[in-house]
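Single-structure report; data block below.
The values are calculated or read from the model by the stated rules, or taken from the named source; none is laboratory data. Note that the structure is a prediction, hence the values are computed from the model and not measured. Cβ placement follows ideal geometry from the backbone for every residue including glycine, while neighbour counts extend to all protein chains displayed.
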């Protein structure tokens, strides 16, 4: 498998990996590569992706009636930092 | 077990269940959060005594949201999370009179098959505490197997109910996809996730399914299919039932004692009038089970858990910017095992990789499901040993291998998740004092066949309500 | 112009629904922060999306008005990225199967009518609203999950004026449909413009920049024009255009760089597994399409062809739907279409402005204005009287009653008028002499005298005629 920057991959999905974790991940990618090879053995030309276990279309749509809303207290109850009824984060973009 | 429990006083049976779970905790380590049951016992006043689970103590896997009661999915990132709403099945259970006594341990976010990967630590097997419970619904499995509760809720994305059920000598049911609403259930991989249950007896499992099943408008994948009174309809006379034996699995199992137990069961079923024949699936498709599962589940999981960022809920770590908060929170909040899986999932979703990895896996999934439908055509169920060994010791439980035993014998139950077909594990005996079991898969919404044949097996093995004696 | 400007526009519109795209929490503006959400909008663990029927209906209406082909099998996808205003860490959108594709919008240009092709219209959900201050960022999730449609044009516009006409056209259209509030200033309609230049229309497209979040139609035009200046200057100097995201700075009257586009961001789109494809009932789609309200372009055409209005007047009316609806209602009571249009556009609008009333607070009834116009045309009251009467009609009074109360009814009885004319002539012999001497303005003076004697009620045309006749007899 080509060289992969695992730290960068991790940072893109908002976490870090230490050196050991990166090394372990390298091994897992080797297994992934072998798994991909197992899949390559299977001819899937003219096969559609299967996204759902049951694909028959549904007809249900929700009626546009408001019937479930949280109080502000409930909405913010789990947030680590709240200011003036808002969820607070220090700064959104790096300056 | 439910019927015998019902002969006892409601308060007494619920308190005893809670008591047992607490006593066993230092041995089994199965519980994340114990419930205060007083409020629920009072709430029973509003419920008819003939409600199907009236005053029956139950356990929920800790990925089932319970309003006002901490729900962590055994992940550090949700260690302080107090849901603001009940999962659909919690509403159903309460309406049926069930009393929740505890939230049980699981592999973090459902990702794993050993239950070693829980924030609260490994869960022990009640038959031999040096062995694993299996996972990811390990806590729920051992609380039924140890006799604390007759019913426990689990979820099953690969085999997370059916494998631990087999390791713990109990019934593990994963019904048809869409049979039980997933609303309020913390996901792993949405297209593979199923809600199901553990029980010590087939009748109890059937009763519980009737309570849990049914259309829920909040889950767009939930089914309109009518819900039967499965327990009442159980018919253990299986004369004429057509059973397909899953040869690929038998061939991949090395332990002849497990094979012997299975063959003996097949003979018994034949004696009861069932037609038992052998089928096999294409080998290259069987070898693809694990890769397809690994790729699809990790991809869906990485997206599903993008909401865990410490902003609106969960354990937030400090940082000078929004990005830093997210990165610190998620680095500390997820185990290294989970983070590595997310990276793999994310990688397979990159535009330049999707065709080769993610979409390829989805295409192979279709071929596998078509193959399953082909071999099951004309049969009521597909039957195989649930696992190739008894519950392993801690050190033996290895997650990823490319051996045939691992690819086929240890992972065939994922077929039920790919296809959405209902599937159930049933105990069939013991090997060196450790339980072993079989797994059956039926056609969509034919859970009744699983219960019918399961009841017949139970009658033959005498393992109904068989529970482990835990030395607390 | 040295270069051809190539413009494509993406518009996001909040749909006018009572609840969110995927949750039953209310959609509301100006409510207390974080009080219009439920667990779904906050992206709590275990939540699942559930598609809003009304949002689909409104999207179908918009797609139909845009002449798009409707995909009756509704599917959704996930667009994955991390941001504090995006609760789930992905947005549910329709990347692979938009509800509408391949339509067009017609605009008026200096060269005549022009079709701007629509690539696609799809449904998605809005993000939370963030407020930045020195201490950090405050997040209000009320907006999170609000239904949106995104309308993507082809790069068919060639000037700032065309771009503005396109946005204006879409804005009025969506407003007429009742699909959206389309308030650009408040963000219920948001506009991103892609611009590139090229030497001639035979050249391939140049490198484009994207100007984000234009908050008014005039700014769309200004932004395009200033971006033309900027890009052409760079090209003139032999420079290269960088692919970047810019914003329009109103104070500087120029576009300013926000960030570079480092390749395209990989959003890792994949189908949303929690929403099984939804098969819309074809009969339902047809019924929505058949009951589509009249659109501004159609209405303008009707005004011109059926009512014979001047194109300018038709435009003015159509651009203000409430005013136009009033006019339409008035036309039920009078066939004096142009005169009605004049009174609606000029007098009614002026009176509303003066009284600082919105159309919604208007007390003038369309049937009363129609009656007033009919009375003018029939010569029952003079134009001057009509303005006086209108002051009361504007407050909701019946013009007939006003005329009666004020004793204003125009005198058109020939016998009575003739007697009055005779009397005036008798009193003004000098005027008769002047007339005989060829001084025509004497007639005007005499008419004035009759009007005075009749307290303004004499029919001026008839008075004029009678005076001329009588003068000749003397």
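How many residues are within 14 Å of chain C (Cβ to nearest Cβ) and surrounded by fewer than 24 Cβ atoms within 10 Å (Cβ to Cβ) if we restrict to region B:53-68?
3
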Please determine, by comparing only the residues of region B:173-184 that are over 20 Å from residue B:293 (Cα atoms) and more than 12 Å from chain A (Cβ to nearest Cβ), which one is surrounded by the fewest Cβ atoms within 10 Å (Cβ to Cβ). B:181
Could we say that residue B:319 is touching a helix residue (DSSP H, G or I) at 6+ places or on another chain (Cβ under 8 Å) and more than 9 Å from chain C (Cβ to nearest Cβ) here? yes
Can you tell me which residue among C:273, C:296 is within 27 Å of the chain's Cα centre (by Cα) and either crowded, with 17+ Cβ neighbours inside 10 Å or under 28 Å from residue C:199 (Cβ atoms) (or both)? C:296
I want to confirm something. Restricting to region C:56-95 and keeping residues that are part of a helix (DSSP H, G or I) and touching a strand residue (DSSP E or B) at 6+ places or on another chain (Cβ under 9 Å), which single residue is nearest to the other protein chains (Cβ to nearest Cβ)? C:56
Restrict the check to region A:52-72 and report whether at least one residue is in contact with a strand residue (DSSP E or B) (Cβ under 8 Å, 6 or more places away or on another chain), part of a loop (DSSP other than H, G, I, E, B), more than 29 Å from residue C:26 (Cα to Cα) and facing chain B (nearest Cβ under 7 Å). no
Can you tell which of C:154, C:150, C:134, C:225 is modelled with pLDDT of 95 or more and farther than 30 Å from residue C:51 by Cβ? C:225
Tell me, yes or no, whether region B:287-296 has at least one residue that is within 14 Å of chain C (Cβ to nearest Cβ) and in contact (Cβ under 8 Å) with a residue 24 or more places away in the chain. yes
So residue C:176 fits all but one of (1) closer than 23 Å to residue C:107 by Cβ; (2) part of a loop (DSSP other than H, G, I, E, B); what number is the exception? (2)
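This table checks each residue for (1) more than 14 Å from chain A (Cβ to nearest Cβ); (2) buried (at least 19 other Cβ atoms within 10 Å of the Cβ).
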residue: C:2; (1), (2): yes, no
residue: C:6; (1), (2): yes, yes
residue: C:11; (1), (2): yes, yes
residue: C:21; (1), (2): no, yes
residue: C:27; (1), (2): no, yes
residue: C:31; (1), (2): no, no
residue: C:35; (1), (2): no, yes
residue: C:38; (1), (2): no, yes
residue: C:43; (1), (2): no, yes
Residues in region B:214-222: is at least one closer than 30 Å to residue C:47 by Cβ, crowded, with 23+ Cβ neighbours inside 10 Å, in contact with a strand residue (DSSP E or B) (Cβ under 7 Å, 6 or more places away or on another chain) and within 12 Å of chain C (Cβ to nearest Cβ)? yes
Within the set of pairs 6 or more residues apart or between chains, which connect a residue that is farther than 9 Å from residue C:467 by Cα inside region C:418-430 to a residue that is at pLDDT 85 or above with Cβ atoms less than 7 Å apart? C:420/C:450; C:424/C:446; C:424/C:449; C:424/C:450; C:428/C:446; C:428/C:449
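Quick check on this structure: which one of A:46, A:18 is within 30 Å of residue B:283 (Cβ to Cβ), out of contact with any strand residue (DSSP E or B) (no Cβ under 7 Å at 6 or more places or on another chain), free of Cβ contacts under 8 Å to residues at least 60 places away in the same chain and more than 7 Å from chain B (Cβ to nearest Cβ)?
Numbers: A:18 fails: within 30 Å of residue B:283 (Cβ to Cβ).
Criteria check complete, one pass: A:46.
Listed here are the residues, each with its yes/no results for (1) surrounded by fewer than 19 Cβ atoms within 10 Å (Cβ to Cβ); (2) more than 24 Å from residue C:291 (Cα to Cα); (3) within 19 Å of the chain's Cα centre (by Cα).
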site	(1), (2), (3)
C:103	no, no, no
C:143	no, yes, no
C:161	yes, yes, yes
C:179	no, no, yes
C:184	no, yes, yes
Evaluation of residue B:357 against (1) closer than 29 Å to residue A:91 by Cβ; (2) within 7 Å of another protein chain (Cβ to nearest Cβ); (3) touching a residue at least 12 places away in the same chain (Cβ under 8 Å) (one fails), failing number: (1)
Consider region B:331-384. How many of its residues are in contact with a helix residue (DSSP H, G or I) (Cβ under 8 Å, 6 or more places away or on another chain) and assigned to a helix (DSSP H, G or I)? 31
